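First comes the structure, then the notes that go with it.
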Amino acid sequence: MEKILTRREKDVFDLLTKNYTTSEIADELNITKKTVRNHISNVIQKLGVCSRTQAILELIKLNEINF
């Protein structure tokens, strides 16, 4: 089965499931907050959902991330 997420998108969403903020994710991954938001927006669009929470739930169902 083909993966939905890029490696970096997975990194971002793994940290989101650990309750990291956008700023904390940016610091942890050494990227800008805008880049974090872009990764999140891209995943939301790929999945056809409306929020970060819905994206996380869908990614867990698809076994793309663990919680």
Helix 52-61 axis, angle to the chain major axis (alpha carbon atoms, nearest 10°): 50
Label selected from (1) 28, 22, 16; (2) 36, 26, 21; (3) 30, 21, 20, the criterion being Cα extents along the principal axes in Å as computed here: (3)
Sequence-separation-based contact order of the chain, relative, with Cα cut under 8 Å and 6+ spacing, percent: 35
Sequence-distant lysines (8 or more away, or on other chains) whose Cα lies within less than 16 Å of Lys3: Lys46, Lys61
Carbon plus sulfur fraction of accessible area for the chain, probe 1.4 Å, in percent: 48
Part-to-part distance (alpha-carbon centres) for segment 1-16 and segment 26-54, which is given in Å: 10
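The values are calculated or read from the model by the stated rules, or taken from the named source; none is laboratory data. In this text the structure is predicted, and so the values were computed from the model without any measurement. Ligands, DNA and RNA are excluded from the accessible area calculation, which covers all protein heavy atoms including side chains. Shrake-Rupley method; radii C 1.70, N 1.55, O 1.52, S 1.80 Å.
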